[in-house]
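S.K.: One structure is given below, represented as structure tokens, and several questions about it will come after.
The values are calculated or read from the model by the stated rules, or taken from the named source; none is laboratory data. None of these values were measured; they are calculated from a predicted model. Quick reminder, even Gly has a Cβ in these numbers, built from the backbone with ideal geometry, and neighbours come from all protein chains shown. In case anyone asks, the SASA skips ligands and DNA or RNA and just uses the protein heavy atoms, side chains included. Shrake-Rupley method; radii C 1.70, N 1.55, O 1.52, S 1.80 Å.
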Amino acid sequence: MSRVFSFHGGIHPPENKKQSTRAPIAKAPLPKQLVLPMQQHIGAAADPLVKVGDRVLKGQLIAEPIGRISASIHAPTSGTVVDIADYPVPHASGLSGECIVIEPDGEERWIEHQGLGDYRALKRADLIEHIRASGIAGMGGAGFPTDVKLHLSEDHIINTLIINAAECEPYITADDMLLREHANEVVGGIEVIAHLLRPSHVLIGIEDNKPNAIHALEAALKHCDLNIDLVVVPTKYPSGGERQLIKLLTNIEVPSGRIPADIGIVCQNVGTARAIYRAVHFGEPLISRIVTVTGDAVRHPRNLETLLGTPFSTLLEACDLRPDALSRLVMGGPMMGVTVDNDRIPVIKTTNCLIAATAQEMPPSPPARECIRCGMCEQACPAELLPQQLYWFSRGREFEKARHHNLFDCIECGACAYVCPSNIPLVQYYRFAKSEIRTEEREQRKADHARQRFEARQARLEREAAEKEARRKARAAEAARAQSQKAAATGNADSGAAQASGAPDIKQLKTAAAVARTKLKKAQKAYDEALAGNADNLKALEQALEEARQKAEQAEKALAGGVPPQSQGAQADTLKQLKTAAAVARTKLKKAQDALKNAEDKGLPGVDKLRQTVEALEQKAGEAEQALRDAEQKPAAAALNAAPESTASRPDSKALKQQVSIMRTKLKKAESALDSCEDATERSRLEAEVAELRTRFDAASTAFEQAEQALIDAAAKAGVDLKQLRIDAAMARATVTKTERALQKAEDDSERARLEQELSAARTRADALNQTLSQYE
Amino acid sequence: MALIHLSSPHVSNANSSPNMMRLVLIALLPGILAMTVFFGWGTLIQIALAATLALLFEAAVLRLRKRPVGFFLRDYSALVTAVLLAVALPPFSAWWVTATGIFVAIVIAKQLYGGLGNNPFNPAMVAYALLLVSFPVEMTRWTAPITQGGEGWQVASFIDTLRVIFGSVEPAFYDSFTGATPLDELRHRNGLTTEELWRQSDVLLNGVGAWYAVSAAWFMGGIFLLSRKVFTWHTPLSMLIALFLVASMFYGFDPDSYVSPIVHLGVGATMLGAFFIATDPVSSATSNRGKIVFGASIGVLIYIIRTWGNYPDAVAFSVLLLNLCAPFIDQYTQPRTYGHAKPNRGLKGKNQ
Amino acid sequence: MSTILTAVIVLFILAVLFGLLLGYASVRFRVEGNPIVDQIDAILPQTQCGQCGYPGCRPYAEAIANGDAINKCPPGGQATIEALADLLDVEPIPLDSEHGEEKPRSVAYIREDECIGCTKCIQACPVDAILGAAKQMHTVIASECTGCDLCVEPCPVDCIDMIPIETTPNTWKWPQPPSPMQLIATDTGRSIAASEVNS
Ligand code: SF4
Ligand code: SF4
Ligand code: SF4
Ligand code: SF4
């Protein structure tokens, strides 16, 4: 039955396996610190369950899996969690990832654990759950969570289980030594897997360069009643690749982009089988593994049973490293491993080998030459690709073509780069191309997602606008109806209306005022235009304007008079109205001022009139604001008096704050306008404006500060409103940063000085606020 | 300590491109020896001349292109090109013929395209074809081999050969020991049947032995390279088989007007072409199936051009024509990748 | 005379035949192409930042389809410009710096204890990536944020930071190996360019 087939390509690199098989497996020393990355497997990183300072026992769960494809992590020994932070992890990028650091106490105290006894009596789902809880992930290299593979029999028909003992990479002997010393445990693990997957036959693939391991396995298999075939395959790299081994043993190819289970095959590594055995029969989670430490730079290459999280330096020391001979530290095998630049990187579940190579052993590769299209790579490629074409496409960033040439079927085995006479780092090109393609895809996905959200939002906004429009129309209709009713009502009874229907009255007045205002605005605009154009009908317009103004004034007065000092509940409403009125007055004033300035600049007639208007408006604005302030202060004071610890004083300072920020924005705008302004006269005008705005801004901020001071005092008196305080502090800080930024941008010296002054003022304020804040916090 | 981001693999085998070129040079030795034995000193002198010029031109162009001269000279590719051209030229060609050829091969056909690895055509064959078209008389005047009356060897001593090549002897002297090649003879048959022609012609009767011997030497070199895995069997074998099959077909059909397949394989540049020219990796197809198509097409083309074309030998033109087709062949002969039901065909992507 | 006539008739018939054939082919094998705007929009990064001067990527896509320059999108950078150039068959041009510079991708982060709950950032965000309500603390859903910067300016207390996205081992990319030429050549940019011309 056990015929051996063959796969295309492959190479025979020097094996270098003898060095590390001379000594039996030893236990690695306990390091001072164990660093456990949260990602030791393919899939989502685990999530820490412990906190810094926690005491943990050996085998205790310290991080739980997130999602289906993930694996839990256990404390490899007893001790204290001293840190949970980013540390360098074993990854080609040399970047850091989240790790839990445990300081062992040396007691090796186990958490309570026990085997499952007769696992055959258990439900399969429970058994798999137990294996998942033990944190077992594929130990051959990729680190795929094992429980996921064991579930496969649920939705696939699994007829073949392949146990991968080929270990084709040079130097690595971890599986070899494991089989020599613990073949029984491996076979025990295979029994568990076979029980779960129920394959019709089980194949163990092993390369013929491990005679001792083969003997040990044969002996172990004698006591096993399963139908297990031990298939000895010729030594050829990469026969240990999952797909290549499947082809070797069954002559079936796994379709591209699919998993072996799709053709009824599941592969497991011998190390994984043993881990399953330990978990099922002894209840031990995966906390250690066998690591080959070899290379010419260590004096005693051997295999070490190592706790996960042990830094490489500990292993190298245990094998007598010659530090000055070390030129390259490779994690994994020489064909597919990655170099690391840091010997504090820890062993993880997938670390099978550590090569401390000397410069003679792994010399730096000579400079690459141009590809001569010799086709050596193609002869060696086990995936039957055209590596030289892939190389051209990757190098030219023609990723679409590279994909068409099946770039993603490349298993990155390195056979092509090994044989390439031009020393081209082919695999790196493929990795580069693959990661570029993947990133592109990720970004495309993200962009599509963003587009969807953007379009959804756009649609929502449109809908809302439409709804608003509809509502507005409905309201207008309602208002018209009310008005006609009102007219009728006024006709009927004047007396009752004043009290009973105070609200409609006000509404009507408001409408009237608004109409008057609009008229005024129009008139003013016409007037301004006329003024600008030096029109003849200036007089008439002026009159019209005056009339309109009067009407508006009347209307507003009526409105102001018509708004009765209502009950406490309605006060907020009034306040709001007043605020609006004040704002409107301010805007008007501003416009009038602008017009005035314009007129003044141009020396137009009617300036005096305008000036008067402005004055009047100023007064009105002042009145409005006064009214607003009064109105605001009244309830505030009342509330403050009524309940000193209440937060009712907030609106005051908030309104002020808003004002300040508005002022600030205005000031900023004016300043930027000033900056971009070229014309001299324009400039002077703008400058004046800026100056004025600044005074107003200062006034506003002073008011604000005062209010704040009052607030703080109040707070101090009446308990502390921390949140408010904090916001203020944030505000102050923001001012500081904003000013700082402005300062950085500022070029002009005088500007600088001013800004600096402002900055220092802002700083003082921020400091003061912070101090107050810290007092209360 | 170690540099980061060194991509795997961290070991590689010692076979480098320069090494492969050296192997090719070694494999050329038996053929060169045979040619020297049968055709006199000319070959050696041509090789020396061509090699010197090639290195000079290459160095000059590299310097112009601001490339590290030593690094690229050490890849031996210029030497290989020079030797291939030199053995393809008639041993007594004038020096300027060789010089022109080398200039075209190195400067135009190779470096102007970007140097080794980027040239779409086989440089030596570009030069050869150009010379053949430009100087047809010079290019068809071969030395009579030693087997043909044994004159060539004695008549042209080393010094004489030098003088012939560098152009200081009477053309009459030159004519006395040169003549047509067997392929020429077979072309200009003046209405005779192959059989008659064969009996009549001195070149064919006595001279052809020398050609067979030289071909055998090339063949030995080729086998050596195959054994050292410098190239795969696909191109040469398919080329020879295709030539043989086509030739046998016509010969079996009408032996009087067509030439026997053995002669086709044994004379001219067939063996040299099969093992040293068509296998030039840079300008040939890449996949195994592609190489078979490539080689077979060359074989068929050689026969067609030799039989019905205007030029006596056809290796250069066939190889160049197929060089032209190589990218196209590549696109349609991608191997079936592991896990795929069938190979991808053609090219994807917007450009080209 | 009759030969001429025959020739003319034959040519005419041929012309009609081929015309029919072509017409049929154009109907039968019509490529149902994406409207060009969709294709352009698919290339744009969808950051929706408005740096191009249009209110979002789609309007810019429309503008490009109507002949606007392709180099106004800073978030997409040179890669987007090249993709657009490829799609539209025009020469790629460098990014117009007037619209900003290509920056590393970032996400917005709200310093939550400083947020005053003004909802201004919510209104600014083009992809609804900010979560919050009036007077409540706001936060950015990092996975939805496109890093468009639009929420930074409106914040009255300046509590939004744009944090560049860090590469993690999962998003790390293998660098492109230096080209064979660069490894050994001590040469300058000029000759690299020359080699590209030659090759
Ligand atoms: S082995 Fe190297 S030189 Fe040869 S074809 Fe492949 S990539 Fe090119
Ligand atoms: S690395 Fe990829 S292309 Fe190279 S031999 Fe391995 S599978 Fe083939
Ligand atoms: S600049 Fe911003 S809005 Fe404009 S296309 Fe680019 S990402 Fe979209
Ligand atoms: S959160 Fe800010 S940066 Fe992110 S998408 Fe929304 S507005 Fe842009």
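S.K.: Largest first, what is the accessible-area ranking of A:SER72, A:SER327 with a 1.4 Å probe? Don't skip to the answer; put the middle values down first.
M.R.: Details: A:SER72 5, A:SER327 40 Å².
Result of the area sort, largest leading: A:SER327, A:SER72.
S.K.: Need one word for the stretch B:16-179: rounded, prolate or oblate. Basis is the Cα gyration tensor (sqrt eigenvalues a ≥ b ≥ c); a/c below 1.5 gives rounded, then a/b vs b/c decides.
M.R.: prolate
S.K.: For the stretch A:126-167 and the stretch C:54-77, write down the distance between their C-alpha centroids in whole Å.
M.R.: Centre-to-centre (Cα) distance: 50 Å.
S.K.: Going by average Cβ density within 10 Å per residue, which order do the peptides C:55-61, C:116-122, A:144-150 take, highest to lowest? Working shown, then result.
M.R.: Numbers: C:55-61: 21.1, C:116-122: 18.6, A:144-150: 23.6.
Descending packing order for the listed peptides: A:144-150, C:55-61, C:116-122.
S.K.: Separate question: Could you give the semi-axes, largest first, of the ellipsoid that matches the stretch A:134-197, computed as the square roots of 5 times the alpha carbon gyration tensor eigenvalues and rounded to whole Å? Spell out each step's value before the answer.
M.R.: Working: eigenvalues 102, 39, 26 Å².
So the three semi-axes of the stretch A:134-197 are 23, 14, 11 Å.
S.K.: Give the long-range amide H neighbours of A:SER327: residues separated by 5 or more places, or on another chain, with amide H under 5 Å away, using H modelled in the peptide plane at 1.01 Å from N.
M.R.: For A:SER327, the qualifying residues are A:ALA357, A:THR358, A:ALA359.
S.K.: Related question: Given the stretch A:368-465 reduced to its alpha-carbon atoms as identical point scatterers, what log10 I(q)/I(0) does the Debye formula return at q = 0.14 Å⁻¹?
M.R.: Log10 of I(q)/I(0), two decimals: -0.56.
S.K.: Further question: Under the classification rounded if a/c is under 1.5, otherwise prolate if a/b is larger than b/c and oblate if not, where does the stretch A:19-354 fall, given a ≥ b ≥ c as square roots of the Cα gyration tensor eigenvalues?
M.R.: oblate
S.K.: Determine, for each peptide in A:685-694, C:87-96, the mean count of other beta carbons within 10 angstrom over its residues, then list the peptides with the highest first.
M.R.: Details: A:685-694: 15.9, C:87-96: 12.9.
Packing order, densest peptide first, comes out as A:685-694, C:87-96.
S.K.: May I pose another question? What FRET efficiency, computed as 1/(1 + (r/R0)^6) with R0 = 60 Å and r the Cβ-Cβ distance, is obtained for C:ASP38 and B:VAL133, rounded to the nearest 0.05? Present the calculation step by step, with values, prior to reporting the outcome.
M.R.: Values: r = 54 Å, r/R0 = 0.91.
With R0 = 60 Å, the Cβ-Cβ based efficiency is 0.65.
S.K.: Around C:VAL37, under 10 Å between beta carbons, what's the net of Lys plus Arg minus Asp minus Glu among the other residues?
M.R.: Working: positive: C:ARG58; negative: C:ASP38, C:ASP41, C:GLU62.
After counting each charged neighbour, the total is -2.
S.K.: For the stretch B:324-335, what does the Karplus curve 6.51 cos²θ - 1.76 cosθ + 1.60, with θ = phi - 60°, yield as ³J(HN,Hα) per residue in whole Hz, taken in order and with x for Gly and Pro?
M.R.: 4, 8, 4, x, 5, 4, 4, 5, 9, 10, 4, x
S.K.: Give the calculated FRET efficiency between A:LEU461 and C:GLN78 to the nearest 0.05, with a Förster radius of 30 Å applied to their Cβ-Cβ distance.
M.R.: Efficiency computed from Cβ-Cβ geometry: 0.40.
S.K.: So which trypsin sites (Lys or Arg not before Pro) in the stretch C:20-119 pass both tests, a DSSP loop state and at most 11 other Cβ atoms within 10 Å of the Cβ? Could the numbers behind the result be given before it?
M.R.: Details: sites: C:ARG28, C:ARG30, C:LYS72, C:ARG105, C:ARG111; in loops: C:ARG30, C:LYS72, C:ARG105, C:ARG111.
Qualifying residues, ordered by number: C:ARG30.
S.K.: With only alpha-carbon atoms in the gyration tensor, what are the semi-axes of the equivalent ellipsoid for chain C, in Å, largest first?
M.R.: 51, 29, 14
S.K.: Which residues does a label at A:ALA125 reach in the stretch A:150-193, if reach means a backbone N under 15 Å from a point 7 Å past the Cα toward the Cβ?
M.R.: A:151-155
S.K.: Specify the residue with the greatest mean-square fluctuation among C:THR146, C:THR80, C:THR167, computed from a Gaussian network of chain C linking alpha-carbon atoms under 10 Å apart.
M.R.: C:THR167
S.K.: Also: Within chain C, which DSSP H helices have Cα atoms that stretch 15 Å or more along the helix axis and a mean Kyte-Doolittle hydropathy of at least 0.0?
M.R.: Qualifying helices: C:2-28, C:77-88.
S.K.: Please work out whether the stretch B:193-334 counts as rounded, prolate or oblate from its C-alpha gyration tensor, where a ≥ b ≥ c are the square roots of the eigenvalues and a/c under 1.5 means rounded, while otherwise a/b larger than b/c means prolate and anything else oblate? Intermediate values should be presented prior to the final figure.
M.R.: Working: a/c = 2.37, a/b = 1.60, b/c = 1.48.
Verdict is prolate for the stretch B:193-334.
S.K.: Which whole number gives the average, over all residues in A:333-345, of C-beta atoms from other chains lying within 10 Å of the residue C-beta? Could you put the intermediate results ahead of the total?
M.R.: Details: counts 4, 5, 5, 4, 4, 6, 9, 4, 6, 3, 2, 0, 0.
The mean count of partner-chain Cβ atoms within 10 Å per residue comes to 4.
S.K.: Might you work out the accessible area of A:ILE348 for me, using a 1.4 Å probe with all protein chains in place, and round it to the nearest 10 Å²?
M.R.: Counting only protein heavy atoms, the figure is 10 Å².
S.K.: Helix-only mean residue ellipticity at 222 nm, chain C, DSSP H runs n ≥ 4 weighted -39,500 (n - 2.57), per residue, nearest 500. What is it? Working shown, then result.
M.R.: Numbers: 7 runs with 76 residues, N = 199.
Computed mean residue ellipticity for chain C: -11500 deg cm²/dmol.
S.K.: Skipping prolines and chain starts, which residues have an amide H placed within reach, meaning under 5 Å, of the one on A:ARG302, given they are 5 or more residues away or on another chain?
M.R.: Answer set, sorted by chain and number: A:VAL293.
S.K.: Can you give the Kirkwood hydrodynamic radius of the stretch C:44-142 from its Cα pairs, in Å with one decimal?
M.R.: Values: mean 1/r = 0.0664 Å⁻¹.
About 15.1 Å, per the Kirkwood formula over Cα pairs.
S.K.: Place the peptides A:477-487, A:726-736, A:258-268 in order of packing, highest mean first, counting for every residue the other Cβ atoms within 10 Å and averaging per peptide. Present the calculation step by step, with values, prior to reporting the outcome.
M.R.: Values: A:477-487: 12.3, A:726-736: 22.3, A:258-268: 19.3.
Put in order of decreasing packing, that is A:726-736, A:258-268, A:477-487.
S.K.: So, counting K/R as plus one and D/E as minus one, what does the shell of residues with Cβ under 13 Å around A:LEU196 add up to? Before the final figure, lay out each step's value.
M.R.: Numbers: positive: A:ARG120, A:LYS123, A:ARG124, A:ARG132, A:LYS149, A:ARG198; negative: A:ASP126, A:GLU129, A:ASP147, A:GLU154, A:GLU191.
Here the charged neighbours net out to +1.
S.K.: At a probe of 1.4 Å, how much accessible area disappears from chains B and A on forming the pair, both sides counted, to the nearest 100 Å²? Each step should come with its number before you reach the end.
M.R.: Details: alone 17360 and 40550 Å², together 52990 Å².
Chain pair B/A: roughly 4900 Å² of buried accessible area.
S.K.: Round to the nearest 10 and report in Å² the accessible area of A:VAL232, as given by a 1.4 Å probe over the protein chains' heavy atoms.
M.R.: 60
S.K.: With Cβ to Cβ distances under 12 Å as the rule, what net charge do the other residues near A:PRO323 carry (K, R +1; D, E -1)? It would help to have the intermediate numbers written out before the result.
M.R.: Working: positive: A:ARG299, A:ARG322; negative: A:GLU317, A:ASP320, A:ASP324, A:ASP343.
Summing Lys and Arg as +1 and Asp and Glu as -1 gives -2.
S.K.: Is there a simple number for the mean count of other chain Cβ atoms within 10 Å of the Cβ of residues in A:438-451, and what is it? Each step should come with its number before you reach the end.
M.R.: On the way: counts 2, 3, 2, 0, 1, 5, 4, 0, 7, 12, 2, 5, 13, 11.
Counting Cβ atoms of other protein chains within 10 Å of each residue's Cβ and averaging gives 5.
S.K.: If the viscosity is 1.567 mPa s and the temperature 4 °C, what translational diffusion coefficient in µm²/s does Stokes-Einstein give for the stretch C:104-167 when Rh comes from Kirkwood over Cα pairs? Present the calculation step by step, with values, prior to reporting the outcome.
M.R.: Details: Rh = 11.4 Å.
Answer, rounded: 114 µm²/s.
S.K.: Ballpark to the nearest 100 Å², how much total accessible area do A and C bury together, probe 1.4 Å? Mind showing how you got there, number by number?
M.R.: On the way: alone 40550 and 13950 Å², together 50590 Å².
Its buried surface, counting both partners, is about 3900 Å².
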